[in-house]
Structure formats: structure tokens, C-alpha cells
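Participant: Let me begin by handing over the structure; questions about it come next.
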Amino acid sequence: MAHSIARDTLGLTHTNQSDAPKISFAAKEIDLVEWKGDILAVGATEKDLARDGNSKFQNPLLQKLDSKLSGLLSEASFEEDFSGKFGQSTILRLPGLGSKRIALVGLGSSTSSTAAYRSLGEAAAAAAKSAQASNIAIALASTDGLSAESKLSSASAITTGAVLGTFEDNRFKSESKKPTLKSLDILGLGTGPEIEKKIKYAADVCAGVILGRELVNAPANVLTPAVLAEEAKKIASTYSDVFSANILDVEQCKELKMGSYLAVAAASANPAHFIHLSYKPSSGEIKKKIALVGKGLTFDSGGYNIKTGPGCSIELMKFDMGGAAAVLGAAKALGQIKPAGVEVHFIVAACENMISGTGMRPGDIITASNGKTIEVNNTDAEGRLTLADALVYACNQGVEKIVDLATLTGACVVALGPSIAGIFTPSDDLAKEVVAASEVSGEKLWRLPMEDSYWDSMKSGVADMVNTGGRQGGAITAALFLKQFVDEKVQWMHIDLAGPVWSDKKKNATGFGVSTLVEWVLKNSTN
């Protein structure tokens, strides 16, 4: 699972080896009071915390634990005011159990969600970090009402939370603690090959999410377009049985007439690299051909329309390749999962948007690879210019469906806030597919309209179009711009993830998009 971006670069900064979690997982049916280890974490809903007239638990499992602990669990949780609300947790060191500590984690209301089970895994991982624990177990206070399928999805979400909660990106710190968690037992949700397969799948997806986080976290003086291309080649070499890589240089992009993409890259000392990873199953018939396209601006200064003033977030513009990170993270996960029956093209037009005498100017007219001309009225609306040629290239691969992901507009963040990505598509069928995948992954998407009448603001007097409209409906006009470069016979969706790609609270990348993409690809496979 470990990944590294190795090379000395500007500022003599180079990365330490990634400390991606290496945890062994097991699903067991065992009496909780008999389990031996460092921490036993129990997820409890508000309903599970109901008490009788003597302030004792009514829930049978909590009753049993409390009895073994001579009533100390009930007493201590009451004093801690633990009521099972979502986000609550309390860790107690009580003698009498096989485990050294017991953690109670709130799941919220009686109907628990993917987010609640994931938070249970994260809370258990946080407790393990705090206690320097090496082995933990996680159980639910009650599994009543959970179907066999729900138990599998719960185990998957718990695993995801534990892995991602354990991970810390310490590659750029001079000193850091290595994770101590070595094993996790999931208790009471079943045993056997089905749950083991589900847990492995969750761990594989997490490997992709962690790569996505590492790519976005890496600063622009380390992660240049060339290094991003090296990371793609590393995926292809690691999973060479199903992947191949084709990296196009500037001259090859000129031959393909990618004038829109190359105009954005023209000012940078770091040359553009066009990334094309191909996934093909090692055997069996291919029934679907799809493409994932990610915006790959390793740094965005805004160009001559330089980002200035409060709220411009220029210092965070390393995350402007968050779409590319999601695409490559999904590629890594799929290299481990190896779905059958589907061919997937992973495409990134990687470059920087900088300022120099060779750079793109406001008012310039550029020509995309499908022949359409664009008047550049804002050099900071550059991501769509790179995506234009990437979408044309994707269509030329003979795919039936394309999903593109981009940190494209501040307007989408204004509309939907920091936790929800906006989706745009003319296809109701594709919208249903991707939204269904996001509901499994727990990532939040919201479909926004593609209002064709807004295209009037994108018309140019001297070219086919301008690259940005007015402030109103900015995320919509950006999607309408991208639509000009997609073949009408291809189902296409644009995902604007400018909000959820980064956590201001944690000052870290989230890896948003990877899980949904993997789920969507699997829905298009024969597995």
C-alpha cells in the first residue's frame, strides 16, 4: 500500500517514505467479554443507551459487559454523559475484561448510516493512536434489524474508517510517529468468505484514497506534471497484468492539435505531460468501455488574471489536481480489485498555470483539438481549457461513458459548501448510476441543472466561445463549456469537487471521489 514521490526538487525538499497503514483484518464471532487485546470499541446508538429505572443498560450486550465489569461501565458512561449521539465517544480503562480498554462510540439515531459506521472505525483508530495500541476489536451494541447485506456494508464502512483514521501523511515532517495499529477484529457481523471479500475490497479502495490524499497533499515544488506522470507509470508497472501507460509529451500533444491544453501550460518551466492509463482485464470479454478524466493542474497561479485578495486561496492551489488524484487513486484501487468485463481509460492533461512572457494572455484566441476556437477572457478559468482537449481525447478512445472530475469553480463551493460535490450531466441514466455509487461510498453529490439558456453568456464576438461567463451560475456555465468538447453519442458527467477535495479543519486532502469512481466502475463490470 505504501507509495512515495521520490526526488529532490525546489527548496531541496524531498519526501520521506509513506507510512500507509499495514493492518491485518479478521471477521470473528466471539463473546466480547472473552476477546483479548488492547481496545474493544463498541458502536452504540441512542436507542442502545436506553436505561431502566436503576440507570442500568437495557441493551443485552451492554448489560453483559456491564455485569462483567460490576456495573462500572454503566456508572462511568453515565458520569461521562455518553448518550450515543453521533460523534460522541468515551474511552475507559476498566479491569475485568480481556481488553485493556473499552471505548463506547455514538452512532446517532437508531438507523445508522455509512457515515456512522465509518466514524466508528475512525474513532477506534483515534483511540488506538492515543493509546499506542497494536490490536483492537470493533463491535455493534445491537445488530437487530440488520440484513446480511447491511452487515457486509457495515463491516466495509468500519474497515474504511479504521484504515483512513489510522493514516497520517507525515512525508514532509522531520519527525513523526509511525502508526502502531497492526490488527483489527470485526466482531459479531458474521464470518466467512463473503465478509472477508468485503473487508479486502474496503482496504483496496482505501489504498486508492490514500494515494489520492498523498497526491493532493504533495506541494507543487515536489509534485510537478512530470512527477504526476511518473506516479501514473508506477501504477502501470505495479499492476502490469491489467494496466498500460502512455505519456504524451508537448510535441506529441501538438501533433494532436491540443491548442487549448498547451496554451495553459505555455508559461511554466515545468513541461506539460498528458497522462493516459489504460485498464484492460487479463481475460474475458469486454462489454463496457468507459473513461475517467481528471483535471491535473499541479499548481494554478491564475495566470495573468492572478489570484489575489482574501479568499483567493492561492496558497492551496496545489489541490487543483484533485480530480487527477481521484482518477489515479481509483486506478490504483482497481489495479488491486481487477474487475472483469470493463475497459477503463484514465486521462489527465497535467500542467501548471503560471506567468511568463510565453504565457497565455487575456484576449488570446486558442484552438482546441476538435477545431473549436476559444477567446480567453480569463486566464484563471484554465482547468476547463485543459479538460477540453482531454475530453476530446477520451471520446476518441471509443468509450461509451465519461466521468470527468475537477476542482473547477469557486461558484460550486458557494452553492453547495465544503462537503458536497456538484454533478452535471445531460444523461438521467448516468446520473442514477453515479449517484447510486456515491450512496454506497458515502460521498455526497448533488445534481445541478445544465441550463442551456445560460450559454448566451459564453458567446464570443470573434471566436466560437469565451472561456468564462459572468459570476452568476458559474459552475453551470463551466459545465456547458465542457459539453462543447464531448461527442453527443457519449454519455458524460462532470463532477465539480472544488469543495470536498480539501478539509480546512484537518488542513489535509480528503481523497474525495476515489470511492465513488471505484463503485461506479464495478457497476459497469460483470463482477
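The values are calculated or read from the model by the stated rules, or taken from the named source; none is laboratory data. Computed from a predicted model, the values in this text were never measured in an experiment. For neighbour counting, all protein chains shown are included, and Cβ atoms are generated from backbone atoms with ideal geometry for every residue, glycine included. Side chains are part of the model used for accessible areas, which takes the heavy atoms of the whole protein and leaves out ligands, DNA and RNA. Shrake-Rupley method; radii C 1.70, N 1.55, O 1.52, S 1.80 Å.
Participant: I'd like the full set of residues that are modelled with pLDDT under 90 and over 12 Å from Ser74 (Cβ atoms), limited to region 51-62.
Facilitator: Let us first name the residues in region 51-62 that are modelled with pLDDT under 90, namely 51-56.
Result: Gly53, single match.
Participant: Of the residues in region 209-249, how many are assigned to a helix (DSSP H, G or I) and within 23 Å of Phe167 (Cβ to Cβ)? Full working, then the answer.
Facilitator: So the first thing to find is which residues in region 209-249 are assigned to a helix (DSSP H, G or I), and the list is 209-217, 225-238.
Those left that are additionally within 23 Å of Phe167 (Cβ to Cβ): 209-217, 227-228, 230-232, 234-235, 238.
Residues that pass the stated criteria total 17.
Participant: A further question follows. The conditions are (1) part of a helix (DSSP H, G or I); (2) touching an Asp or Glu at 6+ places or on another chain (Cβ under 9 Å), and Leu430 fails exactly one of them. Which is it?
Facilitator: (2) is the only condition that Leu430 fails.
Participant: Can you name the condition, by its number, that Ile247 falls short on among (1) surrounded by fewer than 21 Cβ atoms within 10 Å (Cβ to Cβ); (2) closer than 18 Å to Gly335 by Cα?
Facilitator: Ile247 satisfies every listed condition except (2).
Participant: Answer yes or no as to whether Asp389 is among the charged types (D, E, K, R) and open to solvent by less than 10 Å² (accessible area, probe 1.4 Å). Break it down into steps so the answer makes sense when it comes.
Facilitator: On the way: among the charged types (D, E, K, R): yes; open to solvent by less than 10 Å² (accessible area, probe 1.4 Å): yes.
So Asp389 fits the description; yes.
Participant: Could you grab me the full set of residues in region 418-427 that are within 18 Å of the chain's Cα centre (by Cα) and in a strand (DSSP E or B)? Before you say what the answer is, go through the steps one by one.
Facilitator: Our first condition is that a residue be within 18 Å of the chain's Cα centre (by Cα); within region 418-427, this holds for 418-423.
Correct list: Ala421, Gly422, Ile423.
Participant: Would a scan of region 82-99 turn up a residue that is of a type outside the set (Phe, Trp, Tyr), surrounded by 24 or more Cβ atoms within 10 Å (Cβ to Cβ) and under 26 Å from the mean Cα position of the chain (by Cα)?
Facilitator: There is no residue in region 82-99 that is of a type outside the set (Phe, Trp, Tyr), surrounded by 24 or more Cβ atoms within 10 Å (Cβ to Cβ) and under 26 Å from the mean Cα position of the chain (by Cα).
Participant: Between a residue in region 470-482 that is in contact (Cβ under 8 Å) with a residue 24 or more places away in the chain and any residue that is open to solvent by less than 10 Å² (accessible area, probe 1.4 Å) and assigned to a helix (DSSP H, G or I), which pairs come within a Cβ distance under 6 Å, given they are 6 or more apart or on different chains?
Facilitator: If the second residue must be open to solvent by less than 10 Å² (accessible area, probe 1.4 Å) and assigned to a helix (DSSP H, G or I), the pairs left are Ala475/Cys412; Leu482/Leu387.
Participant: Identify the single condition in (1) open to solvent by 10 Å² or more (accessible area, probe 1.4 Å); (2) out of contact with any Leu (no Cβ under 6 Å at 6 or more places or on another chain); (3) under 26 Å from Ala232 (Cβ atoms) that Leu328 does not satisfy, given that it satisfies every other one.
Facilitator: (1)
Participant: Sticking with this one: Filter region 354-385 down to residues that are farther than 14 Å from Thr468 by Cβ and not in a loop (DSSP other than H, G, I, E, B) and give me whichever is farthest from the chain's Cα centre (by Cα). Let's see the steps before the verdict.
Facilitator: Applying the first criterion (farther than 14 Å from Thr468 by Cβ) to region 354-385 yields 354-359, 361, 365, 367-373.
Checking the rest, the ones that are also not in a loop (DSSP other than H, G, I, E, B) come to 365, 367, 373.
Values: Ile365: 35, Thr367: 32, Thr373: 33 Å.
Ranking the candidates gives Ile365 first.
Participant: Still on this structure: Suppose we filter Ala421, Ala431 for residues that are of a type outside the set (Val, Ile, Thr) and surrounded by 19 or more Cβ atoms within 10 Å (Cβ to Cβ); which single one remains? Let's see the steps before the verdict.
Facilitator: Values: Ala431 fails: surrounded by 19 or more Cβ atoms within 10 Å (Cβ to Cβ).
Only one candidate passes the filter, namely Ala421.
Participant: Let me ask something additional. Within region 267-283, count every residue that is among the hydrophobic types (A, V, I, L, M, F, W, C), crowded, with 21+ Cβ neighbours inside 10 Å and part of a loop (DSSP other than H, G, I, E, B).
Facilitator: First, pick out the residues of region 267-283 that are among the hydrophobic types (A, V, I, L, M, F, W, C): 267, 269, 272, 274-275, 277.
Now narrow it down to the ones that are crowded, with 21+ Cβ neighbours inside 10 Å: 267, 272, 274-275, 277.
The next check asks that each one be part of a loop (DSSP other than H, G, I, E, B); those that pass are 267, 272.
So the count comes out to 2.
Participant: Suppose the filter is buried (at least 18 other Cβ atoms within 10 Å of the Cβ), out of contact with any strand residue (DSSP E or B) (no Cβ under 8 Å at 6 or more places or on another chain) and part of a loop (DSSP other than H, G, I, E, B); does Gly499 pass it? Break it down stepwise before answering.
Facilitator: Numbers: buried (at least 18 other Cβ atoms within 10 Å of the Cβ): yes; out of contact with any strand residue (DSSP E or B) (no Cβ under 8 Å at 6 or more places or on another chain): no; part of a loop (DSSP other than H, G, I, E, B): yes.
Judged against the criteria, Gly499 is not a match.
Participant: So in region 144-197, with the set limited to residues that are of a type in the set (Asp, Glu), at pLDDT below 95 and surrounded by 15 or more Cβ atoms within 10 Å (Cβ to Cβ), which one is farthest from Ala127 (Cα to Cα)? Can you show your working first?
Facilitator: Looking only at region 144-197, we keep the residues that are of a type in the set (Asp, Glu), and these are 144, 149, 168-169, 175, 185, 194, 196.
Filter once more, keeping what is at pLDDT below 95: 144, 149, 168-169, 175.
Filter once more, keeping what is surrounded by 15 or more Cβ atoms within 10 Å (Cβ to Cβ): 168-169.
Details: Glu168: 14, Asp169: 18 Å.
Here the answer is Asp169.
Participant: Sticking with this one: Any chance region 369-380 includes a residue that's under 26 Å from Val521 (Cα atoms), touching an Asp or Glu at 6+ places or on another chain (Cβ under 6 Å) and surrounded by fewer than 24 Cβ atoms within 10 Å (Cβ to Cβ)? Outline the logic, then answer.
Facilitator: So in region 369-380, the residues under 26 Å from Val521 (Cα atoms) come out as none.
So far as region 369-380 goes, no, none of its residues is under 26 Å from Val521 (Cα atoms), touching an Asp or Glu at 6+ places or on another chain (Cβ under 6 Å) and surrounded by fewer than 24 Cβ atoms within 10 Å (Cβ to Cβ).
Participant: Any residue in region 337-356 that is crowded, with 24+ Cβ neighbours inside 10 Å and among the hydroxyl-bearing types (Ser, Thr, Tyr)?
Facilitator: No, that holds for no residue.
Participant: Could you please give the count of residues in region 502-527 that are within 26 Å of Pro418 (Cβ to Cβ) and either of a type in the set (Ser, Thr, Tyr) or surrounded by fewer than 18 Cβ atoms within 10 Å (Cβ to Cβ) (or both)?
Facilitator: Result for region 502-527: 9.
Participant: Still on this structure: For the condition touching a residue at least 12 places away in the same chain (Cβ under 8 Å) and at positive phi, what is the one hit in Lys280, Lys332, Lys257? Don't jump to the end; show me each part of the working.
Facilitator: Details: Lys280 fails: at positive phi; Lys332 fails: at positive phi.
Being touching a residue at least 12 places away in the same chain (Cβ under 8 Å) and at positive phi holds for just one of Lys280, Lys332, Lys257, which is Lys257.
Participant: All but one of (1) under 20 Å from the mean Cα position of the chain (by Cα); (2) farther than 19 Å from Val344 by Cα; (3) surrounded by fewer than 24 Cβ atoms within 10 Å (Cβ to Cβ) hold for Ala415, so report the exception by its number.
Facilitator: (1)
Participant: So which of Ala126, Ala133 ends up being open to solvent by 30 Å² or more (accessible area, probe 1.4 Å) and farther than 22 Å from Leu517 by Cβ? Let's see the steps before the verdict.
Facilitator: Details: Ala133 fails: open to solvent by 30 Å² or more (accessible area, probe 1.4 Å).
The unique qualifying residue is Ala126.
Participant: Sticking with this structure for a sec: Please go through region 296-312 and give me each residue that is at positive phi and crowded, with 16+ Cβ neighbours inside 10 Å, ordered by number.
Facilitator: Of the residues in region 296-312, the ones at positive phi are 302-303, 309, 311.
The answer is Gly302, Gly303.
Participant: A further question follows. Within region 288-306, how many residues are in contact with a helix residue (DSSP H, G or I) (Cβ under 7 Å, 6 or more places away or on another chain), farther than 14 Å from Glu352 by Cα and of a type in the set (D, E, K, R)?
Facilitator: Residues in region 288-306 being in contact with a helix residue (DSSP H, G or I) (Cβ under 7 Å, 6 or more places away or on another chain), farther than 14 Å from Glu352 by Cα and of a type in the set (D, E, K, R): 0 in total.
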